[in-house]
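The values are calculated or read from the model by the stated rules, or taken from the named source; none is laboratory data. Keep in mind it's a predicted model, so treat the numbers as computed, not measured. Note that each Cβ is placed from the backbone with ideal geometry, even for glycine, and that neighbours are counted across all protein chains shown. Just the protein is used for accessible areas: all its heavy atoms, side chains included, with ligands, DNA and RNA removed. Shrake-Rupley method; radii C 1.70, N 1.55, O 1.52, S 1.80 Å.
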Protein chains: 2
Amino acid sequence: MTEFTTQGRTETLARRTTVEAPGNGRPGPADGHEAAVILERARASVDPELRAALDSLPGSMRRVALYHFGWEHADGTPAAAHAGKAIRPALVLTAAAALGGPGARESAVRAAAAVELIHNFTLLHDDVMDRDTTRRHRPTAWTVFGDPDAILAGDAVQALALGLLAEDPHLASAAAAARLAACVVELCAGQQADTALERRDPADVTLDEVLAMAEAKTGALLGCACALGALYAGAAEDDVEALDTFGRQAGLAFQLIDDVIGIWGDPNRTGKPAGADLTARKKSLPVVAALTSGTPAAAELAELYAVPCGTGDAAGTARIALAVERAGGRDWAQSQAADRMSRAMGELARVIPEPESAGGLLALAEYVTRRSD
Amino acid sequence: MTEFTTQGRTETLARRTTVEAPGNGRPGPADGHEAAVILERARASVDPELRAALDSLPGSMRRVALYHFGWEHADGTPAAAHAGKAIRPALVLTAAAALGGPGARESAVRAAAAVELIHNFTLLHDDVMDRDTTRRHRPTAWTVFGDPDAILAGDAVQALALGLLAEDPHLASAAAAARLAACVVELCAGQQADTALERRDPADVTLDEVLAMAEAKTGALLGCACALGALYAGAAEDDVEALDTFGRQAGLAFQLIDDVIGIWGDPNRTGKPAGADLTARKKSLPVVAALTSGTPAAAELAELYAVPCGTGDAAGTARIALAVERAGGRDWAQSQAADRMSRAMGELARVIPEPESAGGLLALAEYVTRRSD
């Protein structure tokens, strides 16, 4: 999935979710400052645990992992870059704090590190499978160290994550490990569905399939992060599930917005050519919604999508974008994203009615549905 | 590593270890019948747990995993073949029974399944990395389903293994999961070292490096299996470590014998051309021992090994085999294997002095050091 790496935003959704946020009248979350502070604190809490885990790896795998996490250059010298925005660890810690206070947050640092390790294990392997050559503005690990070393580093990082929880004496650690292991299976299923979908005829792909894929690939780990925080706060099973749903739905909202930006995003802000996802003929959510809309524009889009297109054909790409829009793909994705965020907020309000306690999770959910690239 | 799949044996070592077996005068273990019974029982105990775990996987990954385990053909129809000899689950169950009786054996079935899942996750990934096309007399999973599906199935199978232990209410399950996770890191390091060693100039490879690689790649999981059995029997930390050493050293003895057979094995029994490992210029243990022996034959061997060789050159292969032998590689490997088995038996006798209780583990250790292909 796409990383959360920039500070841009989709104004419409941010306003909408702020308005819909139950009982939250504060201006804080929407301006992104609260999220930035939370992410910074999460990074500071989790980094020592992550570093200790990665430093425990034997020679070559340590080097691949430290390179992937941005802590070392390819030649093994220290690097200043850090590993993404720590959204997932922040969700673990913020959920724990929201339900159990500062003590629960403190106790969940290892679980937060485990979630971040799992996220990075999937990135290492997805990059190998997808032959992606760039990650966080650097060459991907497999391009630097080769497929075998990237695969092995990913394998070891998965083991580190589940090992961290196995060694954690916290009462919730076994339930957290079981949940995280089940989430890994779901993440793998999501990646599998994604690669399989990309190989299929667009005419045969249903919207339910693409939504299920996005939920497994993007929503599952955000949901699991929130659920682990709840487990470490000693929350009841119902509340753990509600927080999983909160993270999952926020993750789906993120993916919907990300797909909209992949088609209509401003190239000056995304850093990619206009309509990059269309040029690549990606079966993104707005495209599949449009293709399955039963409108005349859907038929036109199907014809256009059946012809591979060179990257230089800006006029052709613009024509496809227009067809997706006329077939209702853009409106559907925007309204789905808003619905998902609304559902996320509803689950959150049910478990944590006090705005003071829910504010951190709310700020993070808004943050992830802002512009990313 | 090589699978344990045939009933052949190396008479010298089998006799030697039987003689050295502490206090064990019974004829049972050496004839292989006791091991066969133990393996059969282990398979019967573990298969339902394994099947349930694999059946819990989502669609496509379930299919890849069931194919790899030999339970389904490539087209998804049921297959009769089963997944190897269940050596590792048998070690878990037999160690548990030896230290804790039938109740401990019963309680360790899930741990035994977890160890077998980890073994198969490494096989799935190693086959991708090594581009091996045959496993258990069938095309490897990646040749049938492609690299991405084989990688994802392996990832999911690792998660299933650690998830099984996380869900296990047994008091020892967390310690077992931590130990198994650490073992995964060691297995990955072993595979990494193996691929790195094969790329290096034979003249620069030391015997310690190759021994360390073999211990990580082959010994670690056999040791971990025994240690998990001990943990489930409630054994003291010292005894857990001793059983780990027992399995590790037996695993190294196996690898040494396997490497000897890869050079001097009878093609009629191995099913491979004579000296297949030499033709492939493998840096196996006897070869590296010979190369680093400082003898005149070592220099001759180094020259011969520097020239790649076609598969048809039987005379050239025979000449290399002779050089390895004259440089002492064969004797060294045989005596190392005997020493490792002796050390394994010593550790076993220290923890379990009664031959009646130790007999099962002894039989399995002898079984693994017999001929395999």
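Does at least one position in the stretch B:309-321 carry a residue that is in contact with a helix residue (DSSP H, G or I) (Cβ under 6 Å, 6 or more places away or on another chain), free of Cβ contacts under 8 Å to residues at least 40 places away in the same chain and open to solvent by 10 Å² or more (accessible area, probe 1.4 Å)? Scanning the stretch B:309-321, I find at least one residue that is in contact with a helix residue (DSSP H, G or I) (Cβ under 6 Å, 6 or more places away or on another chain), free of Cβ contacts under 8 Å to residues at least 40 places away in the same chain and open to solvent by 10 Å² or more (accessible area, probe 1.4 Å), so the answer is yes. There is no residue in the stretch B:313-320 that is under 23 Å from the mean Cα position of the chain (by Cα) and part of a helix (DSSP H, G or I). The requirement of being in a helix (DSSP H, G or I) and at pLDDT 95 or above is satisfied by A:ALA182. Looking at this structure, is B:ALA220 in contact with an Asp or Glu (Cβ under 8 Å, 6 or more places away or on another chain) and farther than 30 Å from B:VAL288 by Cβ? Considered against the rule, which asks whether it is in contact with an Asp or Glu (Cβ under 8 Å, 6 or more places away or on another chain) and farther than 30 Å from B:VAL288 by Cβ, B:ALA220 comes out as no. Only residues that are open to solvent by less than 30 Å² (accessible area, probe 1.4 Å) and farther than 16 Å from B:LEU180 by Cα were counted across the stretch B:205-232, and they come to 5. Annotation: B:ASP208 fulfils all but one of (1) over 22 Å from B:LEU187 (Cα atoms); (2) at pLDDT 95 or above; the unmet one is (1). In summary, A:HIS170 fulfils each of the numbered conditions (1) open to solvent by 20 Å² or more (accessible area, probe 1.4 Å); (2) touching a Ser or Thr at 6+ places or on another chain (Cβ under 6 Å); (3) within 12 Å of another protein chain (Cβ to nearest Cβ); (4) in a helix (DSSP H, G or I) with the single exception of condition (4). Of everything in the stretch B:272-292 that is part of a loop (DSSP other than H, G, I, E, B) and open to solvent by 20 Å² or more (accessible area, probe 1.4 Å), the residue that is farthest from B:ILE320 (Cα to Cα) is B:LYS272.
Looking at the stretch B:189-204, which of the residues that are open to solvent by 20 Å² or more (accessible area, probe 1.4 Å) and hydrophobic (A, V, I, L, M, F, W, C) is nearest to the other protein chains (Cβ to nearest Cβ)? Going through the qualifying residues, I end up with B:ALA189.
Here's the yes/no breakdown for (1) in contact with a Phe, Trp or Tyr (Cβ under 6 Å, 6 or more places away or on another chain); (2) open to solvent by less than 40 Å² (accessible area, probe 1.4 Å); (3) in contact (Cβ under 8 Å) with a residue 60 or more places away in the chain:
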{"residue": "A:GLN334", "(1), (2), (3)": "no, no, yes"}
{"residue": "A:VAL351", "(1), (2), (3)": "no, yes, yes"}
{"residue": "A:ALA365", "(1), (2), (3)": "no, yes, yes"}
{"residue": "A:VAL368", "(1), (2), (3)": "yes, yes, yes"}
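Each residue in the stretch A:104-154 was checked for being assigned to a helix (DSSP H, G or I), away from every other protein chain (no Cβ under 14 Å), charged (D, E, K, R) and surrounded by fewer than 18 Cβ atoms within 10 Å (Cβ to Cβ), and 1 pass.
Residues in the stretch B:53-92 that are within 14 Å of chain A (Cβ to nearest Cβ) and open to solvent by less than 60 Å² (accessible area, probe 1.4 Å): 9 in all.
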